[in-house]
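The values are calculated or read from the model by the stated rules, or taken from the named source; none is laboratory data. What you see is a predicted model; the values in this text were computed from it and never measured. Here the Cβ positions follow ideal geometry from the backbone for every residue, glycine too, while neighbour counts run over all protein chains shown. The protein model used for the area step is the full one, side chains on, heavy atoms only, and it has no ligands, DNA or RNA in it. Shrake-Rupley method; radii C 1.70, N 1.55, O 1.52, S 1.80 Å.
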Amino acid sequence: MKQHPQKKVRTDLNPSRLLTFKIDERDVSAHEDESILTVARQNGISIPTLCHLDGLSERGACRLCIIEVKGVAKLLPSCVTFPRQDMEVITNSERVVTYRKKILELLFTERNHVCSVCVSNGHCELQNLAVELGVTHVRYPYLYPRHAVDASHSRFSIDHNRCVLCLRCVRVCDEIEGAHTWDIMGRGITSQVITDLNQPWGTSETCTGCGKCVQVCPTGALSEKGKSVAEMIKRRQFLPYLQMMRGRQDDSWQK
Amino acid sequence: MTLNSEDLHQIAKIEKDKQDGFQHRIHVCVAAGCLSCGSGVLMDALGKEVNRRGLDNWCQIKGVGCLGLCAEGPLISLATSGTYYQGVKVSDVSDILDALGGNPVGRLLCPADTAFFKRQVRIVTENCGRIDPERIEEYIAESGYESLYLALTQMTPPEVIEQVTRSGLRGRGGAGYPTGLKWTTVSKAISSTKFIICNADEGDPGAFMDRSVLESDPHRVIEGMAIAGYATGASQGYIYVRAEYPLAVKRVRLALAQAERLGVLGNNIFNTHFNFTIKVRLGAGAFVCGEETALIASIEGRMGRPRPRPPFPAEFGLWEHPTLINNVETFANVPPIIRKGGKWFAGIGTEKSKGTKVFALAGKIVNTGLIEIPMGTPLRDIVFAIGGGIPGGKGFKAVQTGGPSGGCIPEQFLDMPVDYDSLLQVGSIMGSGGMIVMDETSCMVDVAKFFMEFCMSESCGKCAPCRVGTRQIYDILCRITGNQSTPEDLAMLEDLCDLMKNTSLCGLGQSAPNPVLTTLKYFRDEYLSHIHDRTCLAGACKTVVEVS
């Protein structure tokens, strides 16, 4: 069967090989193809993430899951870094925690994240991360960009003001639903997620209306219609099940 | 059709005899720089005049690649006497032809014994300005494809790599990764399909080395790629060149067609089992596509965005296959290394940076143009001796190397030898070879702002630190060059630069703060005077209101 062009199989990692290494001075064991993030979570060690979602391919783009590895000068994203025997990982040094906070602050300045009028207030991953990391205020100036709301779909709407460009919607639509309605356009700070070729969502001919994108969205950017402030609670229990049904998505380092 | 060594020599001999048949040979530069000042029209006029005078068999008019001194174009050179003419107009045509064989036309004369010509050591550009880039026969006449023949018939792939390793050649795209090591890695990769990619997505502002090499001597790059293919076990190559270089694209395509016609590309090259083909892919103008993983994504037809490494392209590259990616200039260095041996190449340059480097001199400098000099040449010699110094008697302020990923080097480091490690030490990088010279009228904050604006608009938007960080830094620099900055802005600027450097996904984001960091380090007083006194020390930022 011809593979989807975006799916690449990482063959340098042998899933049957086992190894042991250290996370925060704790001895842990892992398969060679389990990311440091996966192993950390198995052991109850929390690493903040935003673009990562179990069941979707990894992007390594939000940079919140950065960790330190002893002997390596660079900070590494734990979602796409794989353990080596006797590696020593530090997940919560002051250095990485400070950087995580700053990245989060930058994300808050990028769009108009006004929690008090957001459908996801109280159930928002971005908000939770800020609480978790102790971001009480944002030192950088807000950019206040002008962004539109597309409410042309009969059941869902997208508010670009709340989007953090994690691209979970793009990945779930492509990898799980198989529709690839969502994609991204533009570059840098002007990037924006789009439906079809930047047509109104309601007119999309590829959208199946499954709503998976809405459920995986970490913020209030994608929501169901009819929800008012703080009413949008995301349900993503379906994802591990669907992923199991469709076999392992082993393109974790792609995109 | 397959060639052998005699065929190659035969082609070279016919070509040489043909050239020797002419009493005079006039070379007109038809690279992009001179073409834009009208060298195409000039060449037509020369041809017509020669024809009118019935001198067709006596004097040859030939379009050649870059002659180097782009500032004084259109340039022509008289191959027989070694005379250079600069700023030639169509009205000068008959004077030039009248003077052939006698005294040269004084008013057009470009002094050829200056440091600009004498200090250069030409390896990559040895044929630039000497051969017609649109004819493969002329390249063959200058020992072209001899190295490929030598490699294919008399060397094993490990021997080829051994020569490249011994030469000490380092990647000319900017990072300076040892080429021999890269080739070894790809050759060790186990796969029946491997790819060679030539990175010609030269996007740094002020850099035009790769363009000139492709426009002036495309076959050299093709030969280098074929040798790399033989050494690493690849049979397909791609040249990824930006669409903004239409002339380079045209000449590369022409060169590929000619090479295929002659059989130096294709199946069973030189009657061996080695097959190699090259395709051209055009970049759509994204700077980030110079980053290798983004470049691969772009060739595959996906969005040009980098992905985290490892795995590196040497293991997982184009279409999941092991891929060797080198810069244009790196490949262009390969044929002479094979022909003359790695030891010869290692004899040029400094201990850790071997060979020569092509630089594009731009900005406030007299001799704007292309130069090739041995590694380790002091910066002062480049700017003042070869570059001719600053025009208008103004004072030197800084030289920016490495484009948006590099830094500004102040006067105190002018005596520093230019090689990979020295540049790194002062906070800049070799980069692909752009050198932008700034005089005392340039405001360094403004320069930093220019590069940050470039990085902001070229950031792909994938990772958060680069996407938002470039915009925030740009805003701060705008506030400083405007009159709205506060002392806190400076701390925030340093804070953001540090964040981007350490947390960005790819090289673009990690190195984007370099121009800001180096100007902050060496020209902090300019930042401070903007912030505290609302004055631009260089007088360049008009928006700053002076407060008495």
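The string of couplings for the range B:169-175 from the Karplus curve (6.51, -1.76, 1.60, θ = phi - 60°) is 4, 10, x, 8, x, x, 7 Hz, one whole number per residue in order, with x for Gly and Pro. Loop-located trypsin sites (Lys or Arg not before Pro) across the range B:78-136 with a Cβ neighbour count of 14 or fewer within 10 Å are B:Lys89, with loop assigned by DSSP.
Computed 3J(HN,Hα) for the range A:186-192, one whole-Hz value per residue from the Karplus formula 6.51 cos²θ - 1.76 cosθ + 1.60 where θ = phi - 60°, is x, 9, x, 5, 8, 4, 7, glycine and proline marked x.
Under 5 Å between amide hydrogens, built in the peptide plane, is the criterion, and for B:Gly237 it picks out B:Ile196, B:Thr277, B:Ile278, B:Lys279 among residues at least 5 positions away or on other chains. Take each residue of peptide B:465-475, count the partner chain Cβ atoms within 10 Å of its Cβ, and average: the result is 6.
Reported to two decimal places, what Rg/Rh ratio describes the range B:356-439 when computed on Cα atoms with Rh from the Kirkwood expression? With Rh from the inverse mean 1/r over Cα pairs, Rg/Rh is 0.91.
The shape of the range B:136-346 can be summarised by an equivalent ellipsoid whose semi-axes, obtained from the alpha carbon gyration tensor, come to 24, 20, 16 Å from longest to shortest. Each Lys and Arg adds +1 at its Cβ and each Asp and Glu adds -1 at its Cβ; summed about the Cα centre, the range B:138-213 shows a dipole of about 420 debye. Across every pair of non-identical alpha carbons in the protein assembly as shown, the mean reciprocal distance, once inverted, gives a Kirkwood radius of 28.8 Å.
Averaged over the residues of B:453-464, the number of partner chain Cβ atoms lying within 10 Å of the residue Cβ comes to 6.
For the range B:490-508, heavy-atom accessible area (probe 1.4 Å) falls by no less than 50 Å² from the chain alone to the full protein assembly at B:Met492, B:Asp495, B:Leu499, B:Asn502, B:Thr503.
For B:Gly433, nonlocal amide neighbours, meaning residues 5 or more places apart or on other chains whose placed amide H falls under 5 Å from its own, are B:Gly402. When you count the other C-beta atoms within 10 angstrom of each residue and take the mean per peptide, B:495-508, B:263-276 line up highest first as B:495-508, B:263-276. Counts of other chain beta carbons within 10 angstrom of each beta carbon in peptide B:307-316 average 5.
If both residues of a DSSP beta bridge must be in the protein assembly as shown, then about 60% of such bridges are antiparallel.
Summed over all non-identical Cα pairs, the Kirkwood treatment of the range A:1-142 gives a radius of 16.7 Å.
The A-B contact accounts for roughly 3400 square angstrom of buried accessible surface, both chains included, probe 1.4 angstrom. Find the percent of Cα-Cα distances in the range B:446-547 that exceed 21 Å, and round it to a whole number. Tail of P(r) above 21 Å: 29 percent of Cα pairs. Accessible-area loss of 10 Å² or more (1.4 Å probe, protein heavy atoms, chain alone versus all protein chains) is found in the range A:148-193 for A:Leu165, A:Ile184, A:Gly186, A:Arg187, A:Gly188, A:Ile189, A:Ser191. Here's the list of lysines a cross-link from A:Lys212 could span, going by alpha-carbon distance under 16 Å and ignoring same-chain residues fewer than 8 apart: A:Lys225, A:Lys234. Amide H contacts of A:Ile66: A:Ser78, each under 5 Å away and 5 or more positions distant or on a separate chain (H built 1.01 Å from N in the peptide plane; Pro and chain starts excluded). Loop only by DSSP, 13 or fewer other Cβ within 10 Å of the Cβ. Give me the chymotrypsin sites (Phe, Trp or Tyr not before Pro) in the range A:90-194 that pass, ordered by residue number. Those satisfying the criteria are A:Tyr142. When the listed pairs A:Lys102/B:Lys542; A:Lys70/B:Lys449; A:Lys70/B:Lys194; B:Lys462/B:Lys501 are checked against a 24 Å cut-off, the alpha-carbon distance exceeds it for A:Lys102/B:Lys542; A:Lys70/B:Lys449; A:Lys70/B:Lys194. For the range A:44-125, the list of trypsin sites (Lys or Arg not before Pro) that fall in a loop by DSSP and count at most 15 other C-beta atoms within 10 angstrom reads A:Lys70, A:Lys74, A:Arg84.
Roll a 1.4 angstrom probe over the protein heavy atoms and tell me the percent of accessible area of the protein assembly as shown that is carbon or sulfur. Solvent-exposed carbon and sulfur of the protein assembly as shown make up 52 percent of the total. Here the ratio of the Cα radius of gyration of chain B to 2.2 N^0.38 Å is 1.00.
For the range A:36-69, accessible area lost to neighbouring protein chains reaches 30 Å² or more, against the chain alone with a 1.4 Å probe, at A:Arg59, A:Ala61, A:Arg63.
Residue-wise HN-Hα couplings along the range B:387-401, as the Karplus relation 6.51 cos²θ - 1.76 cosθ + 1.60 with θ = phi - 60° gives them from phi, are x, x, x, 8, x, x, x, 7, x, 6, 10, 7, 10, 9, 10 Hz; Gly and Pro carry x.
Ranking B:Val383, B:Ser422, B:Gly406 by how far each Cα lies toward the positive end of the dipole of the range B:365-514 (charges on Cβ) leaves B:Gly406 at the top. Basic side chains Lys and Arg get +1 at the Cβ, acidic Asp and Glu get -1 at the Cβ, and with that the dipole of the protein assembly as shown about its Cα centre reaches some 1140 debye. For chain B, the relative contact order works out to 14 percent when only alpha carbon pairs closer than 8 Å and six or more residues apart are counted. Convex hull volume of the C-alpha atoms in the range A:114-237, normalised per residue: 117 Å³.
Remark: chain B carries 35 Å² of accessible area per residue (probe radius 1.4 Å; ligands, DNA and RNA excluded). Here the mean projected area of the convex hull built on the C-alpha positions of chain A is 14.6 nm².
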